[in-house]
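Student: My questions all concern the structure below.
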Amino acid sequence: MENNYFQKQKQLVEEMNLSLAKGVVRSSVVEMQSEYEHDDQTCLTSLVFIPQDIAHKITKIIIEPLKQLEPEYFYYPAESMHLTIKSIRTIHKPPLFTEDDVAKVDILFKKIIPKFKSFSFQLEDLVKFPTSLSLMGYCDDTLQKLVKELDAGLKQIGVPDDKKYFSDEIFFGNITLCRFTHQPSEAFIKKIEELKNIKIGQFVIDKINLITCNVVCHPKTRRIAGTYKLND
């Protein structure tokens, strides 16, 4: 793993934590809802699903202790747990994209993604956003190069990413673990602090999925529009 880029990612996450602690949010945030599973808004995104052994480890070590404190929150089941590679169109009803847009993105991804080699994510550090909790994924600069090329391509085909990011230069993986239905209790926040610097392990990604789904990637709403293999 390229240490320099890893350190830049770590530094950015620390800056993000400080900013969020002050109530300054510089990236897009999904609005808090009372119920997420049946949300009928749709997004277009690219992601990798978390290997089930790691997803179950996350569930046991992080989600289960938190669930005891705030059982009514939405916690991602292992089969829905994913790491976003490149968001394309944010959640909305009606969708902010058409089937033609999906087809154009599919063609673009077929051209770009196979040019890149498979790479790994190191999963560690929790970040509490205003309406959710995430586990971070750190990697080498393959992600930076991939995201920048996809970004440029999406603009060229007229389907630019409409999400706002904390940085337009440094990117990291983000696995949303739960979404809040109300403001977290002090006990919940204390538990997050205890687990804040947790290290889960790493996994290699060798393919990326283009999907449409609702806010929590529920299987009933999920449609895989394409799967693209990275270069071995």
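Student: For a quick check of your reading of the filter: which GluC sites (Glu not before Pro) in region 129-232 sit in a DSSP loop and have no more than 13 other Cβ atoms within 10 Å? Intermediate values should be presented prior to the final figure.
Tutor: Working: sites: E149, E169, E186, E193, E194; in loops: E169.
Those satisfying the criteria are E169.
Student: In addition: If one takes the longest principal axis of the Cα atoms in the chain, at what angle in degrees, from 0 to 90 and to the nearest 10, does the Cα axis of helix 3-21 lie?
Tutor: Once rounded, one gets 50 degrees.
Student: Measure nothing fancy, just the Cα-based angle from helix 99-112's long axis to the longest principal axis of the chain, in degrees from 0 to 90, nearest 10.
Tutor: It works out to around 80 degrees.
Student: Give me the distance between the Cα centres of region 1-75 and region 143-210, rounded to whole Å.
Tutor: 7 Å
Student: Take the residue pairs K115/K155; K110/K220; K57/K86; K22/K110; K155/K207; K115/K191 and return only those whose Cα atoms are more than 30 Å apart. Please report the intermediate quantities before stating the final value.
Tutor: Values: K115/K155 19 Å; K110/K220 26 Å; K57/K86 25 Å; K22/K110 41 Å; K155/K207 23 Å; K115/K191 42 Å.
Cα-Cα > 30 Å for K22/K110; K115/K191; rest within.
Student: Nearest 10 degrees, 0 to 90: what angle lies between the long axis of helix 186-195 and the longest principal axis of the chain (Cα atoms)?
Tutor: 60 degrees
Student: Using only C-alpha positions, report the orientation-averaged shadow area of the convex hull of region 149-232, nm², one decimal.
Tutor: Details: hull surface 34.6 nm².
Its average projected convex-hull area is 8.6 nm².
Student: What is region 96-135 by shape, rounded, prolate or oblate, if you read a ≥ b ≥ c off the alpha carbon gyration tensor as root eigenvalues and call it rounded for a/c under 1.5, prolate for a/b larger than b/c, and oblate otherwise?
Tutor: Values: a/c = 6.92, a/b = 1.45, b/c = 4.76.
Judged from the Cα gyration tensor, region 96-135 comes out oblate (a/c at least 1.5, b/c at or above a/b).
Student: Aspartates and glutamates within cross-link reach of K163: Cα-Cα under 17 Å, excluding same-chain residues under 8 positions apart?
Tutor: Result set, ordered by chain and number: E31, D101, E149, D151.
Student: Take the Cα pairs of region 42-229, get the Kirkwood Rh, then feed it into Stokes-Einstein at 37 °C and 0.692 mPa s and tell me D in µm²/s.
Tutor: Working: Rh = 17.2 Å.
Taking Rh from Cα pairs, D becomes 191 µm²/s.
We did not get these values from a lab; they are worked out from the coordinates using the rules stated. Here the structure is a predicted model, which is why all the values come from computation and not from measurement. Cβ: placed from backbone, ideal geometry, glycine included. Neighbour counts: every protein chain shown.
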